Each structure stands twice: as structure tokens, then as C-alpha cells.
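Undergrad: Before we start, here is the structure in question, set down as C-alpha cells.
The values are calculated or read from the model by the stated rules, or taken from the named source; none is laboratory data. A quick note: this is a predicted structure, and the numbers were derived from the prediction, not measured. Positions of Cβ are backbone-derived with ideal geometry, glycine not excepted, and every protein chain shown enters the neighbour counts.
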2 protein chains.
Amino acid sequence: MPVSPIAFFFDFSSPYSYLASTRIEALAAKHDRNLEWVPILLGPVFAMTGAKPLTDQPLKGDYARIDIPRSARFLGVPYAHPEPFPVATYQAARALVGLQRDRPELAAPWAHACFAAYFTQGRNIAEVPVLHELARDLGLDAARIDAWCADPQIKAQLKANGDRALQSGVCGAPFFIVDEEPFWGVDRLPQLDAWLTARF
Amino acid sequence: MPVSPIAFFFDFSSPYSYLASTRIEALAAKHDRNLEWVPILLGPVFAMTGAKPLTDQPLKGDYARIDIPRSARFLGVPYAHPEPFPVATYQAARALVGLQRDRPELAAPWAHACFAAYFTQGRNIAEVPVLHELARDLGLDAARIDAWCADPQIKAQLKANGDRALQSGVCGAPFFIVDEEPFWGVDRLPQLDAWLTARF
């Protein structure tokens, strides 16, 4: 029986998801697991849990502004907190879903490109011209972005990702599920690694 | 100039605080830091951040019920989720504040005793007779517990701990502050360790 992949639920506007995106592929490879990138929009999750974007929360927001860049340094990952923050990510996410359907070999590169553009270069990935630039850098016709963003099947798939997340208990991002075991947060990657090794 | 201690803000009803309590003394010793146990009541912090006890939150509650015992296994620490949960901890906290004033050599043992009673033996530390038993186990006259719980100075100190927490940006528990640098969560102990080593 083939082993199940690691499902990686994330929002392109989530700093901790970006940090996790720089580590999760190596972790999956270490354990001979495929990685399933599952873009979601955190809005519906926040509506369910009652949470708000981290930096909008009293006390937690101030803490996050210290913890996020320090966590990046701890992991040795470049980070520059973007403004505006957060931004709408449904277009970047739809493009990823489109790539997963039509050009799957470019899906992971697209995800890395979006995260890097936003969290290391301060480029606003809510703006379609920025997505066009990222597409061209991957050798894609920029018009494909517009087509995916307007494609009813793609929109429905992104919505389905969100429904799956809520049904699977995803309470924030990044969130990982493997063999039905849930792990929330980039700080759970060491535990995920140990769990895949020893099933403690 | 003497180095500042590691301030450890916690609530006796916080599972992740319990887990941290089993590790933080060794970490402080490794870096030649004193440890300052700062009991607080999470209620006012939750009122400020809008949070609720973890297990009362949609999605997050279900996740916490998996993550807490798994985190304990990951750390090699005994854990049995108590019922009822959470419980009122002002009396256990007042007793700790009293010990810090009157019998400081017993303060850390009291903290460990309260955490272990609640999170490994399911004993309800909101009940004064349970606190009496824990006191007697430490060679204390149980009547001291009642005296500390009713002592206006002790009550004021516990209140002051909470005010200090809010003013210091404490947004949950466990929370650590050292050299004005904040760390939230038992999962930040590796980062705290690295930060004290390398100031990254």
C-alpha cells in the first residue's frame, strides 16, 4: 500500500507558512513522503475559531512582530516583514491550483516564488501585475494567470480546499496532516519529523 | 553587572506551562541564569487578547487535545489530561507567592508539586484540601496555605504579577522574558536556548 503524502495547508499571507515552506520538502523527502501543497484562505478558518490575523491582535500582535523575524533568523531563512500585511491571496492561490491541474511541475516553484516575493522582497502578491511577473519568471504566459483566476473549476477547487481544511480540523496555518495525524505550526516540524520516525 | 533572570510567567492550569516547567530550570542553569517563577492568572490576559481556554475553542480545542499529550511524549514528560479542566488556580498561585516571600527554598518544589498533582495525577488543585496535602508533603503546616490565601499582601502581589504580565506583553502561557526578549510557548524553548547562546 502506498504511504500517504504530507498534506501542507497554508495561506500565502501567513509568515509562519512561508517559514515552513522552506523546510517541509526536505522533511518529506527524508521520510519518503510526497508533499501535497494545499492552498487555503485563512478567512473562513478564522471565522470558525474566532481568531484574527496575528498582527491585529492585542499583545499577540506585538509579540508576533518580534517572533516572526526571530524565528526566520533561528531557521536561517531570509525575511522582511511586508507592508501591506496581510493581503488577499485568493489570486495567488487560484494560480497555484491551476498549475496543480495544468502544469504540476511548476506548482511548487510557484508556491516558493509567491512566498519569496511577498516575504523577502515586499512585493504585493495581491496585485495581478506582480503575479504576471512571477509567472513570466517561470516561463509561463502571464495570461494563464488571468485564465486560472477566472476559471470556475479552479475557484471551486480552492473553495473545496477550505472545506477540507475545516473538516480536517485545520485551525491555523501552516498545518500538516499525515496518516491522519495533525501538526499545527512551523514549530511543530521537529515533532512531525520525530513522529514520522518513531510514531511516539 | 549581574545578568538578569529568566522570568517564567505561567498559570497552574496551563498544560504547556506544566511541560515548560519540567525543562526551564535546566535551561536556565545551562546559561547561568536565575529563574524567576511568576505565577499569573490567565483570565485577564485572555480578556485582553480575546482568547479562551484552548480546549474551549472550535478546531483549536480538538487539536489541543491531540497536541498536548503528544508534546508531552515528545518531551518525555508524563501527562494525563485532568478533569475538570481548566480549574481556578488563584489559591495555588497565592500559596506560591507566599512561599516566595516566607519560605523561598520551597517555592520551586511547590510549583512542581502543583503541576504534577494536576497534570499527572488528576488531583484538583482548585480544592484547598488538595493543597493542604501537597503542603504536608513538603513538610509545611497546612494552615499556612489558608493564611497565604487570605493574606492581602499576597493577593496584591499576585494581582501585581498579572499587571506586570500585561504590561510586559505576555499574551499567553508559558511566557518567558530574559534581557527584555520575549518567548511564548514551550515550543520556543529551543529558540530561547539558542538565543541565549548566540543572540541571533
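Undergrad: I want to confirm something. Restricting to region A:143-200 and keeping residues that are among the small types (Gly, Ala, Ser), within 9 Å of chain B (Cβ to nearest Cβ) and within 19 Å of A:ALA51 (Cβ to Cβ), which single residue is surrounded by the fewest Cβ atoms within 10 Å (Cβ to Cβ)?
TA: A:GLY169
Undergrad: Which count do you get for residues in region B:81-118 that are outside any helix (DSSP H, G or I), within 17 Å of the chain's Cα centre (by Cα) and surrounded by fewer than 22 Cβ atoms within 10 Å (Cβ to Cβ)?
TA: Here the count works out to 6.
Undergrad: Condition first: assigned to a helix (DSSP H, G or I) and within 19 Å of B:TRP195 (Cα to Cα). Now tell me which residues in region B:22-59 satisfy that.
TA: B:ILE24, B:GLU25, B:ALA26, B:LEU27, B:ALA28, B:ALA29, B:LYS30
Undergrad: Just wondering, is there one or more residues in region B:31-51 that are within 14 Å of another protein chain (Cβ to nearest Cβ), touching a residue at least 12 places away in the same chain (Cβ under 8 Å) and aromatic (Phe, Trp, Tyr)?
TA: no
Undergrad: To continue, here is another question. Out of A:PHE46, A:PHE12, which single residue is of a type outside the set (D, E, K, R) and touching a Lys or Arg at 6+ places or on another chain (Cβ under 7 Å)?
TA: Every option except A:PHE46 fails the conditions.
Undergrad: Do you know which residues across region A:42-63 are touching a helix residue (DSSP H, G or I) at 6+ places or on another chain (Cβ under 8 Å) and either at positive phi or modelled with pLDDT of 95 or more (or both)?
TA: Within region A:42-63, A:LEU59 is the sole residue that qualifies.
Undergrad: On to the next question. Consider region A:60-71. How many of its residues are under 18 Å from the mean Cα position of the chain (by Cα) and more than 10 Å from chain B (Cβ to nearest Cβ)?
TA: 2
Undergrad: Another one. What about B:GLN100, is it touching a Gly at 6+ places or on another chain (Cβ under 8 Å) and either within 28 Å of B:ASP193 (Cβ to Cβ) or within 14 Å of chain A (Cβ to nearest Cβ) (or both)? Reasoning before the result, please.
TA: On the way: touching a Gly at 6+ places or on another chain (Cβ under 8 Å): no; either within 28 Å of B:ASP193 (Cβ to Cβ) or within 14 Å of chain A (Cβ to nearest Cβ) (or both): yes.
No: the conditions fail for B:GLN100.
Undergrad: So, one more: Among B:GLN121, B:GLN57, which is of a type in the set (S, T, N, Q), more than 14 Å from chain A (Cβ to nearest Cβ), out of contact with any Leu (no Cβ under 7 Å at 6 or more places or on another chain) and over 14 Å from B:ILE145 (Cβ atoms)?
TA: Unique residue meeting the criteria: B:GLN121.
Undergrad: Another question about this same structure. Which of the residues that make up region B:21-46 are in contact with a Gly (Cβ under 8 Å, 6 or more places away or on another chain) and crowded, with 20+ Cβ neighbours inside 10 Å?
TA: Those that are in contact with a Gly (Cβ under 8 Å, 6 or more places away or on another chain) and crowded, with 20+ Cβ neighbours inside 10 Å: B:ILE40, B:LEU41, B:LEU42, B:VAL45.
Undergrad: Please identify the pairs in which a residue from region B:183-200 that is among the acidic types (Asp, Glu) has its Cβ atom under 7 Å from the Cβ atom of a residue that is modelled with pLDDT of 95 or more, counting only partners at least 6 apart or on another chain.
TA: Close Cβ pairs satisfying both conditions: B:ASP187/A:ASP187; B:ASP193/B:LEU27.
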